[in-house]
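This report concerns only the one structure given below.
Readers should treat all values here as calculations from the given coordinates under stated rules, not as data from a laboratory. Fair warning: this is a prediction, and the values are worked out from it, not measured in the lab. Ideal geometry is used to build each Cβ from the backbone, glycine not excepted, and the neighbour counts take in all protein chains shown.
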Amino acid sequence: MQTAPPPARASAYVRYAMWGGVFLAAAGLIQVQIPGVFDGDTGYHLAIARLTRAHGVLHEFPWTPFSWLDAHYADKELLFHALLLPLSELPLVTASRIAGTVLGGGLLLTLYAILDRERVPHPGLFALAALASSSAFVARFAMVRPHLLSISLALVITWAAARKQRVVLAACCVLYPLCYTAWHLPLAAIALVEAARWLGTRRIDWRGAPLAAAALGVGILAHPNFPNTAELFWIQNAQILFGTAWSGVGGVDLGGEFGPFSVAGLGRYVLIPALLATGGAVLTWRTRGQDVLPLAFATVALAFLVMTLRTQRFIEYLAPFAVVGAALGVHAARGTWPGRWSRAFAPALVATGVVFTLLFARHPFELLRTRVDPFPAPVAERVAAIVPPGAQVVTCDWRLTGEMMLALPERRFIVALDPMFLALNDPERHRIWHETVRTPPPEPAVLLRDTFEASYVLCGEQHRFLAFHQALEADPAAALRGIIGLWRIYELRPKHHDPPLASN
């Protein structure tokens, strides 16, 4: 590979610095629109960073004593939590905004780098077009989760496999199992790249896939929580996604992100990425024998389009891959239409996406502005004064347990991160918890106390838990200790307060 002359290299540094600043500003602007933290999982991830800072790499998780995580803990996002370590002592909202800005800006810079490397005109505008293409993607982009690292690595892995950049490919595949639990994703992307190569040239690169598999194996074995990470991989990708979310199993609440978009949602949030994915495939098909890269990205984008039709969370991969595929397709087909048309495509795409979103798809932006901090400092202090360290706490929902762990360190909770970890480890306790908070018996306090060895209940004031609140308030074995912010705190009376059993 020829080395660029110094002036060109200096010019590239300036462009990368300039666009890097633009991307950080765009990601930061999205983050500051959120009054609290948009995603409850962010609190969990920051809590893990704090616990790792205090205890080192975690091998057990006694803070959820009935969960599979208790004795089999595996930090499936180890490097993500390592990146959060410098921010772990900051307030949740501050840490979330900083991390979201840096990771989001890094994702956009990855898009820019791939397109700039391929000499596509306006690579910076195409990177921003990913945000403009779908407000649902913006909502996923705003979540400070490890999927931001996964998307960036998946983009680079696809590019490196198509371009036979084996050092880059191997490095990304080593890192991937340390950042994310979907170990199969790099291999699936590489398989699609080789399918595209075969369609274009009737040849396959037989070295890339074995190299990637070996590199993934190195990353998997290097993880300090191996072999628990292997079991966790099976739980999350087979038992949760395929065995529960996609099979429609009842009695487990996994959240709305595993469900499909409605027909209206498809029109609002998937239409533009779908058009880009299919349009990119059509354009690249015509030039498939000349260069594998455009068809490779278009093929991966189409695969994510199929996944997104089944599960809305895959919009986070569809939007960036569709934009890159379309940009490469237009660039590859530039000889078939006037050059000014191909150069105008990026700004036209950004403008179209912005106008479409403002007219038809603003709802995710409204959601961003409505998420508030469930544990502002005064609320956290008052709740912590009631619930002592070491207390076992029943919660109504699993989504905010991470934020509870930050506000109430060293307390123990029934469920965290995902209810499936409780359901798989102790199905009967999960059933009791799930049914009691939704359809409570007349006096649930003793049942909760004895089943979970709990002394407190911490539950939000959402309408769906109204019957549970009413049952606890009428139960003599429970005492309402406070209504603080969004929360109601109940103390479950110890056994010596139980009424004597009636004699025959």
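When each of the peptides 419-426, 14-21 is scored by the mean number of other C-beta atoms lying within 10 Å of its residues, the order from highest to lowest reads 419-426, 14-21. Isolated cysteines of the chain, defined as having no other cysteine beta carbon under 4.7 Å away, are 172, 173, 179.
With a simple spin-label model that places each label point 7 Å from the Cα along the Cα-to-Cβ direction, the separation between residue 371 and residue 203 comes to 4.7 nm. Cα-based radius of gyration for segment 36-91, normalised by 2.2 N^0.38 Å, reads 1.12. In terms of other Cβ atoms within 10 Å, 398, 285, 234, 206 run from fewest to most in the order 206, 234, 285, 398. Each residue of segment 113-119 was assigned a 3J(HN,Hα) from its phi angle through the Karplus expression (A = 6.51, B = -1.76, C = 1.60, θ = phi - 60°), giving 4, 5, 5, 5, 4, 8, 6 Hz with x at Gly and Pro.
Give, as a single signed number, the net charge of other residues whose beta carbon lies under 12 Å from the beta carbon of residue 89, with Lys and Arg counted +1 and Asp and Glu -1.
Details: positive: 50, 53; negative: none.
Here the charged neighbours net out to +2.
For the chain, the share of DSSP beta bridges that are antiparallel, to the nearest 5, is 70%.
Here residue 384 and residue 483 are evaluated by their C-beta separation; at R0 = 25 Å the FRET efficiency comes out at 0.95. Equivalent-ellipsoid semi-axes for segment 10-124 (Cα gyration tensor, √(5λ), whole Å, largest first): 34, 16, 12.
Here the calculated FRET efficiency for residue 119 and residue 231, from their Cβ-Cβ distance with R0 = 45 Å, stands at 0.50, rounded to the nearest 0.05. Summing Cβ point charges (Lys, Arg +1; Asp, Glu -1) relative to the Cα centre of the chain gives a dipole of roughly 2380 debye. Computed from the C-beta positions of residue 428 and residue 32, the FRET efficiency with R₀ = 45 Å rounds to 0.50.
Suppose the Debye formula is applied to equal point scatterers at every Cα of segment 345-440; what is log10 I(q)/I(0) at q = 0.13, 0.17, 0.24, 0.25 Å⁻¹? Here log10 of I(q) over I(0) equals -0.66, -0.84, -1.22, -1.25. Karplus-derived 3J(HN,Hα) values for segment 371-380, using 6.51 cos²θ - 1.76 cosθ + 1.60 with θ = phi - 60°, are 6, 10, 6, x, 10, x, 3, x, 5, 4 Hz; glycine and proline are entered as x. Sorting 450, 116, 418 by the number of Cβ atoms found within 10 Å of their own Cβ, with the fewest placed first, yields 450, 116, 418.
When the alpha carbon coordinates of segment 377-497 are projected onto the principal axes, the ranges are 35, 32, 31 Å, largest first.
Inter-label distance, residue 311 to residue 439: 2.8 nm, where each label sits 7 Å from its Cα along the C-beta direction. Ellipsoid semi-axes for the chain, based on the Cα gyration tensor and the rule √(5λ), read 46, 23, 21 Å when sorted largest first. Of the peptides 288-298, 460-470, the ranking by mean beta-carbon count within 10 Å, highest at the top, reads 288-298, 460-470.
Identify the trypsin sites (Lys or Arg not before Pro) of segment 95-180 meeting these criteria: DSSP loop state and at most 12 other C-beta atoms within 10 Å of the C-beta. Can you show the working numbers first?
Values: sites: 97, 117, 119, 140, 163, 164, 166; in loops: 119, 164.
Passing both the DSSP loop test and the Cβ count: 119.
Each of 173, 459, 396 has some number of other Cβ atoms within 10 Å of its Cβ, and from fewest to most they run 459, 396, 173. Multiplying the residue separation of residue 85 and residue 282 by 0.36 nm and removing their Cα-Cα distance gives an extension gain of 66.4 nm.
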